[in-house]
Amino acid sequence: MSNVPIALQGGPAPVPSRVGHVLGRIEYEGYLLAMIVVMGLVLTFTVGSSFWSSTNLSGLLLDVAIVTVPAIGMTLVIVTRGIDVSIGSLVGVVAVVAGLAFEHHLPFVLVLLIGIAVGVGGGLVNGAIIAWGKVPPIIVTLGTLSVFEAITYLLLGGVWISNIPAKLTQVVVIDRLGPVPYSFVVAVALVALFSYVMARRPIGLRIYAAGDNPEAARTAGLAMWRIDLFVYALLGGLTAIAALMTVGQSPLVMPTTGQNFELTVIAAAVVGGTNILGGEGKVVGGLLGAFLVEIVEDAAILYHVNSFYQQIVLGAMIVGGVSIGVARRRRRRTEGSLE
Amino acid sequence: MSTTQLPTSEQAPPGGATAGHRGAGALSRLLESRVVVQYGLLPVVLVGVLIAGEILAPGVLSPSNLSSMTRFGVEIGILGFAEMVVIIMGGGGIDLSVASTAAVTQVSLAVLLRGGIELWLGVAISLAIGLALGALNGFFILGLGVPALVATIGTYFGYAGLALVIANGVNIADFPSSYLTIGQGDVVGIPVEFIFIFIPVAIVLGYVTSRTKFGHEIRLTGTNERAALLSGINVRRLRFSGYVIAGMLAAIVGVVESSRFGTAQPVADSTYLLTAVTIAVLGGVDIFGGEGTILGVVLATAVVTIFEYAFSLAQINAVIELGSVGVMLIVVVLGQVGLKSLRSYAARRSSA
């Protein structure tokens, strides 16, 4: 019996007797929200006029959107006990393919679809090797990281792509609801959609089950390969959306486009409460994590902190976020055994 | 799906003592043979790389090329040792932060030397810094229980930032000329760092990991953690020491690298990690722990070095070369996993 609550952690339909655990979850997300608010207040009282300027605010929201969208997929991947460090270089591949498609004057929407298809394809490659090769995800994605980088380089052929249509920038950056760019609206909509999927659809329950106890899930007849293919392909597709947003944000495709992006996304997911040990994590946590990571970065810019320190802070957030998750799991295990 | 939690019972016994006796089929005997168990696909890849190298860059194995290659291979080889030590102990062990550790140690050394400190003392302090950073990794992983993968992604970032802060973001070039001998001098045509650093490190590690109690314990821990615990091994302390060793080895690489270039670079070499993990795995280190030899890693270092050197002789871009190393990594691990399941299949059939 003591194993059951873990299967449902962060998962769907809270059972009444588990109210305490659910409160635990709310506390964590509330805590994140409080940290974001505190950061916002501090920024308001110190550099308020530049923080609340519409340029800074919509820039921040766009950055949050770009990290949040793949963080949804990363959350699901980590829930299955996986990881994907290749998405930064996948951003490069998608950006180049989209850039080349734009150069060939393909219709706008078709280019977006091609970009997403490329992302899904890249994710499927990862998922297939992980699912059928039984190779640890870190090894697979470390390998594909450099493969995707090489593909980007080959496709770029040593030149940068700069004639990205203004329409993309218009859609991604300029079109807004008040100060909120449409990209952010898209990110929130995707978070809502996948929160629903994870909490209410069978695939969501399967993903939690697969991550919580792979042995049991396999014994229960769950097709693990399907889950692997699904989460990595989804992450690939969402990464492609982020890549298209990135190209809209800075309409230039270079060999370094997307570099180190995977680390920000992993940071957002783990800071958002997704447990690296698997089986537990909420999509909305990815949004809050992305918000926290990006607001810290924004603060660093507004305070003119040397960018070197940002890396240290991001590293600390990753280790810190994960240790909190591990400590909570440990405490719950102890409580569980006392029940 | 992560397979790092693979039950150890699925692992074939090293050397195949039990299954090999019962094994009747030739296939089973081949799969259980010492070469296949210890080195996996290495011989095949070695032949493939030699052929590919000769096609890409005819004359790649000329004596003068071999001499420059040994220089280049020292750094990635030692990082391969570092990965071997942490991977072999199992439990999802890996160290993704080695390149950043090397960056921190080389800029620290440069700053110390600029401050007028004695060369030997500066090197000693840099190695101590590597040890400390490795210990910090060990603390996060074994003290706080953060999986190695994520802990060292975090410290990869953190240490990279630290290196930039120490160097103030710029390369530091004022090394005394005596220091440059380590990475630029040679003795009878053989690079100094190969004779006086790589070979001794390989011999010491080879001895420690195969002939000592420590070596026996890390293998047992990697093969069967529970058995290791039951036989009284302090698994946590053992794994902790693995990260400390990895940090030290990364520090050695930082020292050699900065001496070879004559400058200390605060920006970590992002190609190191992939290359180091590929070398370890190609050298027969079981990605799930328990198996691996220094000799295998040394041979794999030679293979990868020849491979990379042929690419650069043929003037193929480094990004493409690294992509090929990535393909090599995936193929080798797939082969390793495939061999293992083939082996247990053959063992099952012959014992049935």
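The values are calculated or read from the model by the stated rules, or taken from the named source; none is laboratory data. Fair warning: this is a prediction, and the values are worked out from it, not measured in the lab. Neighbour counts run over all protein chains shown; Cβ positions are idealised from the backbone, glycine included.
Evaluate segment A:205-224: report whether one residue or more is farther than 18 Å from residue A:274 by Cβ, under 19 Å from the mean Cα position of the chain (by Cα) and either assigned to a helix (DSSP H, G or I) or within 14 Å of another protein chain (Cβ to nearest Cβ) (or both). No: segment A:205-224 contains no residue that is farther than 18 Å from residue A:274 by Cβ, under 19 Å from the mean Cα position of the chain (by Cα) and either assigned to a helix (DSSP H, G or I) or within 14 Å of another protein chain (Cβ to nearest Cβ) (or both).
Within segment B:313-343, work out how many residues are among the hydroxyl-bearing types (Ser, Thr, Tyr) and crowded, with 16+ Cβ neighbours inside 10 Å.
Filtering segment B:313-343 down to residues among the hydroxyl-bearing types (Ser, Thr, Tyr) leaves B:324, B:341.
In the following step, the residues that additionally are crowded, with 16+ Cβ neighbours inside 10 Å were identified as B:324.
Result for segment B:313-343: 1.
Do you know which residues across segment A:107-139 are within 8 Å of chain B (Cβ to nearest Cβ) and touching a residue at least 24 places away in the same chain (Cβ under 8 Å)? Correct list: A:130, A:131, A:137, A:138.
Yes/no per residue for (1) touching an Asp or Glu at 6+ places or on another chain (Cβ under 8 Å); (2) over 28 Å from residue B:293 (Cα atoms); (3) crowded, with 20+ Cβ neighbours inside 10 Å; (4) not hydrophobic (A, V, I, L, M, F, W, C):
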site: B:73; (1), (2), (3), (4): no, no, yes, yes
site: B:78; (1), (2), (3), (4): no, no, yes, no
site: B:84; (1), (2), (3), (4): no, no, yes, no
site: B:94; (1), (2), (3), (4): yes, no, yes, no
site: B:105; (1), (2), (3), (4): no, no, yes, yes
site: B:113; (1), (2), (3), (4): yes, yes, yes, no
site: B:129; (1), (2), (3), (4): no, no, yes, no
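Out of B:203, B:218, B:195, which single residue is among the β-branched types (Val, Ile, Thr), in contact with a strand residue (DSSP E or B) (Cβ under 9 Å, 6 or more places away or on another chain) and assigned to a helix (DSSP H, G or I)? I'd like the intermediate steps shown before the answer.
Values: B:203 fails: in contact with a strand residue (DSSP E or B) (Cβ under 9 Å, 6 or more places away or on another chain); B:218 fails: in contact with a strand residue (DSSP E or B) (Cβ under 9 Å, 6 or more places away or on another chain).
Result: B:195 is the single residue among B:203, B:218, B:195 that is among the β-branched types (Val, Ile, Thr), in contact with a strand residue (DSSP E or B) (Cβ under 9 Å, 6 or more places away or on another chain) and assigned to a helix (DSSP H, G or I).
The set of residues from segment A:298-333 being more than 13 Å from chain B (Cβ to nearest Cβ) and either without any contact (Cβ under 8 Å) to a residue 12 or more places away in the chain or not aliphatic (A, V, I, L, M) (or both) comprises A:298, A:301, A:303, A:304, A:332. Looking only at segment A:276-300, residues that are within 14 Å of the chain's Cα centre (by Cα) and closer than 30 Å to residue A:217 by Cβ come to 11 in all.
Residues that are under 15 Å from residue A:238 (Cβ atoms) and among the aliphatic types (A, V, I, L, M) within segment A:99-136 comprise A:112, A:113, A:116, A:117, A:118, A:120, A:124, listed in sequence order. I need the full set of residues from segment B:144-191 which are at the interface with chain A (Cβ under 7 Å from one of its Cβ atoms) and either farther than 27 Å from residue A:86 by Cβ or not in a helix (DSSP H, G or I) (or both), in order please. Selection gives B:144, B:145, B:146, B:147, B:165, B:169. Residues that are surrounded by fewer than 24 Cβ atoms within 10 Å (Cβ to Cβ), in a helix (DSSP H, G or I) and at pLDDT 95 or above do not occur anywhere in segment A:75-92. Within segment A:250-297, the set of residues being surrounded by 21 or more Cβ atoms within 10 Å (Cβ to Cβ) and acidic (Asp, Glu) comprises A:262, A:280, A:294. Taking residues in segment B:229-246 that are in contact (Cβ under 8 Å) with a residue 12 or more places away in the chain and more than 14 Å from residue B:85 (Cβ to Cβ), and partners anywhere that are buried (at least 18 other Cβ atoms within 10 Å of the Cβ) and acidic (Asp, Glu), the pairs with Cβ atoms closer than 8 Å and at least 6 places apart or on different chains are B:233/B:217; B:235/B:225.
Is it the case that some residue within segment B:96-103 is surrounded by fewer than 24 Cβ atoms within 10 Å (Cβ to Cβ), part of a helix (DSSP H, G or I) and among the hydrophobic types (A, V, I, L, M, F, W, C)? No: segment B:96-103 contains no residue that is surrounded by fewer than 24 Cβ atoms within 10 Å (Cβ to Cβ), part of a helix (DSSP H, G or I) and among the hydrophobic types (A, V, I, L, M, F, W, C). Candidates B:86, B:123: the one that is within 21 Å of residue B:237 (Cα to Cα) and either touching a strand residue (DSSP E or B) at 6+ places or on another chain (Cβ under 9 Å) or of a type in the set (Val, Ile, Thr) (or both) is B:86. When segment B:178-225 is filtered for residues that are surrounded by fewer than 12 Cβ atoms within 10 Å (Cβ to Cβ) and in contact (Cβ under 8 Å) with a residue 60 or more places away in the chain, only B:189 remains. Residues that are more than 9 Å from every other protein chain (Cβ to nearest Cβ) and of a type in the set (A, V, I, L, M, F, W, C) within segment B:332-352 comprise B:332, B:339, B:342, B:346, B:347, B:352, listed in sequence order.
Among the residues of segment B:33-55, not a single one is modelled with pLDDT of 80 or more and not in a helix (DSSP H, G or I). Checking the structure you have, find out if any residue of segment A:314-321 is farther than 27 Å from residue A:189 by Cβ and surrounded by fewer than 22 Cβ atoms within 10 Å (Cβ to Cβ). Yes, segment A:314-321 contains at least one residue that is farther than 27 Å from residue A:189 by Cβ and surrounded by fewer than 22 Cβ atoms within 10 Å (Cβ to Cβ).
Of all residues in segment B:62-95, those satisfying the criterion of being part of a helix (DSSP H, G or I) and over 13 Å from the mean Cα position of the chain (by Cα) are B:63, B:64, B:65, B:66, B:67, B:68, B:69, B:70, B:71, B:72. Of all residues in segment B:93-117, those satisfying the criterion of being more than 14 Å from chain A (Cβ to nearest Cβ) and either closer than 21 Å to residue A:260 by Cβ or touching a residue at least 24 places away in the same chain (Cβ under 8 Å) (or both) are B:102, B:105, B:106, B:108, B:109, B:110, B:111, B:113, B:114. For segment A:121-168, the set of residues classified as surrounded by 22 or more Cβ atoms within 10 Å (Cβ to Cβ) and touching a strand residue (DSSP E or B) at 6+ places or on another chain (Cβ under 8 Å) is empty.
For (1) of a type in the set (D, E, K, R); (2) in a helix (DSSP H, G or I), each residue gets a yes or a no:
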position: A:144; (1), (2): no, yes
position: A:149; (1), (2): yes, yes
position: A:155; (1), (2): no, yes
position: A:159; (1), (2): no, no
position: A:164; (1), (2): no, no
position: A:167; (1), (2): yes, yes
position: A:173; (1), (2): no, yes
